[in-house]
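Chemist: Could you have a look at this structure, given as structure tokens, before my questions?
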Amino acid sequence: MADTTETDWVSRFADEVISEAERRAPGKPIVCASGLSPSGPIHLGNLREVTTPHLVADEIRRRGHDCVHLLSWDDYDRFRRVPTGIDPSWAEHIGKPLTSVPAPPGSPYASWAEHFKAPMIEALAELGVAYTGISQTEQYTAGTYREQILLAMRERERINAVLARYRTKETKEGKEAKEAKEAKEAADYYPYKPYCELCERDLTTVTAYDDDSTELAYTCECGFGETVRLAEHDRGKLVWKVDWPMRWAYEGVVFEPSGVDHHSPGSAWIVGGQIVGEVFGGERPIGPMYAFVGITGMAKMSSSKGDVPTPADALEIMEAPVLRWLYARRKPAQSFKIAFDQEIQRLYDEWDSLGRKVATETAQPAELAAYERAVRTSEGPLAATPRPVPYRTLASIVDITTGDDDQTLRILRDLDGELTSLDEARPRLDRAQRWIDTQVPADQRTRVRESPDTELLATLDEADRDSLRLLVDGLDEHWSLDGLTTLVYGVPKVQAGLVPDAKATPELKTAQRAFFALLYRLLVGNDTGPRLPTLLLAVGADRVRKLVGV
Ligand SMILES: [Zn+2]
């Protein structure tokens with residue numbers, strides 16, 4: 001249990017944020033923030049940038065406070081590189097704002113940024129994340145930050161001095177040269193970067209600026225140059241280390257987490273913490289550093305999708321509450337992995353077991369808190385599967401039936417007599433189907449034999465035949481997951497003359513293993529396979545009888 005939280009981290013941050021907001025801006029809505037750059041497919045790991053403030057904001061709302069979760073789309077950032085799988089001719093757009101780059105070929109969206117925002121917006125809706133989206137392109141091009149930009153330009157020496165504090169110290173020999181370089185840099189330092197009027201790229205250099213007239217001259221690598229009045233100019237942005245603290249102050253952000261990479265000396269978080277107060281008169285938010293989220297066992301995807309696992313990919317194989325739970329149960333500083341491989345079955349076992357604990361009121365407080373945050377938000381419950389069957393059972397069933405609806409329904413009704421249609425097993429059923437179809441390699445799929453293995457059956461001795469008869473005779477009476485579990489473990493006990501609840505001895509375990517291997521060979525032509533009770537249910541009693549030749 002080392003990887004679960006001892007107490008609920010969300011609640012503790014909510015306490016801290018509420019009291020800090022009360023101190024900074026009493027009576028105003030509390031502001032939590034996230035930022036995402038739609039520079040390419042948004043990695044599943046980056047979901048933590050959104051889920052961390054989401055969970056905290058949701059807890060604050062549950063307590064009756066007015067709270068906004070701002071999601072800043074950093075779509076006015078420059079296009080940095082052409083991802084693999086995209087036409088190399090897109091390189092001509094490097095340096096343009098992401099909203100000015102055409103979407104990848106075949107996309108219905110107007111720009112690169114819109115193309116990569118769309119699936120994330122859809123995933124966040126499915127996850128029940130309520131937020132206010134802000135396009136930085138819209139903000140900058142509408143002149144929303146004009147006063148802040150003019151202020152930053154007036155204060156450029158102060159900003160440069162802050163940046164200088166974090167510049168790494170050089171060796172003695174390099175020191176003089178470095179000081180001379182810094183003095184020159186200080187004179188030339190401008191925190192504002194125009195996008196070129198002619199080529200739209202940011203390959204520009206500001207060559208002069210006059211505080212009184214706000215006249216700004218720049219040249220571009222394309223050969224273009226012009227002088228504009230910054231007080232009227234809406235085609236450029238503050239550099240990142242100034243842009244971020246400017247927005248903390250402008251929006252009054254009280255909570256904003258960030259990734260490990262933002263926390264090194266001289267990084268935007270550290271430098272921004274100085275600039276926000278010294279230049280913009282604001283304060284840095286409460287901002288936990290969140291750890292890396294890894295992915296295990298994701299099958300190779302087509303390169304057009306960029307080989308990057310996204311939240312949408314995870315939501316194809318698991319329900320939204322389960323994905324929420326992964327983020328809710330662990331403190332931001334704890335790293336974890338999201339399983340696309342066989343581990344997903346164990347994850348679902350754990351999730352169902354927690355559900356039972358919650359239903360019987362035996363869950364620990366932290367477990368209960370994480371569960372509650374997973375299944376509902378302050379706006380209401382998330383979509384749930386009305387009659388949930390264990391994921392590993394569903395996976396085995398759809399594996400064996402290859403998705404045949406009638407067969408699937410027949411087997412599910414064997415498990416749950418009250419189930420009237422497949423819809424009651426959805427969406428979990430669809431997630432398991434998708435997992436089998438996309439993540440389980442062909443050589444791990446189960447192929448139930450069409451006809452009995454007569455050769456193998458001919459080699460069986462009397463004890464083997466006896467064990468198969470015991471199994472077949474007990475099928476009807478034990479036709480449930482629990483019943484069949486008792487039956488398959490019990491057959492070797494009966495054969496050994498033991499009572500059904502006898503303790504396992506090494507001899508008994510050997511006999512059980514041999515019996516299971518025999519069943520797998522007869523049913524699926526292999527030494528192993530899905531758990532036997534699930535396999536028996538999925539195959540159906542009639543076909544089991546036929547294949548074991550009794
Ligand atoms: Zn240019």
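Chemist: Only residues that are among the hydroxyl-bearing types (Ser, Thr, Tyr) and either closer than 16 Å to residue 542 by Cα or open to solvent by 70 Å² or more (accessible area, probe 1.4 Å) (or both): list them for segment 399-426, please.
Modeler: Of segment 399-426, the ones among the hydroxyl-bearing types (Ser, Thr, Tyr) are 401-402, 408, 420-421.
Hits for segment 399-426 are 401, 402, 408, 420.
Chemist: Which one of these does residue 60 not meet: (1) open to solvent by 10 Å² or more (accessible area, probe 1.4 Å); (2) under 29 Å from residue 354 (Cα atoms); (3) β-branched (Val, Ile, Thr); (4) over 18 Å from the mean Cα position of the chain (by Cα)?
Modeler: (1)
Chemist: Take segment 94-117 and flag every residue that is open to solvent by less than 20 Å² (accessible area, probe 1.4 Å) and of a type outside the set (Lys, Arg). Give the derivation first.
Modeler: The first filter runs over segment 94-117 and keeps only residues open to solvent by less than 20 Å² (accessible area, probe 1.4 Å), leaving 95, 97-98, 101, 103-104, 111-113, 117.
Once the filter is applied, which keeps residues that are open to solvent by less than 20 Å² (accessible area, probe 1.4 Å) and of a type outside the set (Lys, Arg), segment 94-117 yields 95, 97, 98, 101, 103, 104, 111, 112, 113.
Chemist: Just to be sure before I move on: is residue 200 within 16 Å of residue 76 (Cα to Cα), at pLDDT 95 or above and either assigned to a strand (DSSP E or B) or within 16 Å of the ligand (Cβ to nearest atom) (or both) in the structure I sent?
Modeler: On the way: within 16 Å of residue 76 (Cα to Cα): yes; at pLDDT 95 or above: yes; either assigned to a strand (DSSP E or B) or within 16 Å of the ligand (Cβ to nearest atom) (or both): yes.
Here the answer is yes, as residue 200 does meet what is asked.
Chemist: So in segment 207-221, with the set limited to residues that are more than 40 Å from the chain's Cα centre (by Cα) and open to solvent by less than 60 Å² (accessible area, probe 1.4 Å), which one is nearest to the ligand (Cβ to nearest atom)? Before you say what the answer is, go through the steps one by one.
Modeler: Step one: of segment 207-221, the residues more than 40 Å from the chain's Cα centre (by Cα) are 207-219.
Okay, now just the ones that are also open to solvent by less than 60 Å² (accessible area, probe 1.4 Å), so 208-209, 213-214, 216-218.
Numbers: 208: 18, 209: 19, 213: 23, 214: 21, 216: 15, 217: 14, 218: 9 Å.
Looking at residues that are more than 40 Å from the chain's Cα centre (by Cα) and open to solvent by less than 60 Å² (accessible area, probe 1.4 Å), I get 218.
Chemist: Moving on. Among the listed residues 14, 2, 21, which satisfies the condition of being modelled with pLDDT of 95 or more and more than 23 Å from residue 127 (Cα to Cα)? Even if it seems obvious, please write down each step before you answer.
Modeler: Numbers: 14 fails: more than 23 Å from residue 127 (Cα to Cα); 2 fails: modelled with pLDDT of 95 or more.
The match here is 21.
Chemist: Filtering segment 332-366 down to residues that are farther than 26 Å from residue 434 by Cβ, assigned to a helix (DSSP H, G or I) and at pLDDT 95 or above, which residue is least open to solvent (accessible area, probe 1.4 Å)?
Modeler: It comes out as 358.
Chemist: With a cut-off of at least 3 residues that are in contact with a strand residue (DSSP E or B) (Cβ under 7 Å, 6 or more places away or on another chain), name the helices (runs of 4 or more DSSP H) lying wholly within segment 421-497. Step through it out loud before you land on a result.
Modeler: Values: elements: 428-439, 454-459, 462-474, 481-495.
By residue number, no helices (runs of 4 or more DSSP H) qualify.
Chemist: Which pairs do you get when a residue that is under 21 Å from residue 391 (Cβ atoms), found in segment 511-538, comes within reach of a residue that is outside any helix (DSSP H, G or I) and among the aliphatic types (A, V, I, L, M), reach meaning Cβ atoms under 6 angstrom, with the pair 6+ apart or on two chains?
Modeler: 524/448
Chemist: I want to confirm something. Restricting to segment 222-253 and keeping residues that are within 16 Å of the ligand (Cβ to nearest atom) and of a type in the set (Gly, Ala, Ser), which single residue is surrounded by the most Cβ atoms within 10 Å (Cβ to Cβ)? Break it down stepwise before answering.
Modeler: Filtering segment 222-253 for residues within 16 Å of the ligand (Cβ to nearest atom) gives 222-228, 233, 235-237.
Now drop any that are not of a type in the set (Gly, Ala, Ser), which leaves 223, 225, 236.
On the way: 223: 9, 225: 15, 236: 22.
Ranking the candidates gives 236 first.
The values are calculated or read from the model by the stated rules, or taken from the named source; none is laboratory data. Keep in mind that this is a model prediction, so the values were computed, not measured. Neighbour counts are summed over all protein chains in view; Cβ atoms, including those assigned to glycine, are modelled from backbone coordinates with ideal geometry. Each accessible area value is taken on the protein alone, full model and side chains, heavy atoms only, with ligands, DNA and RNA left out. Shrake-Rupley method; radii C 1.70, N 1.55, O 1.52, S 1.80 Å.
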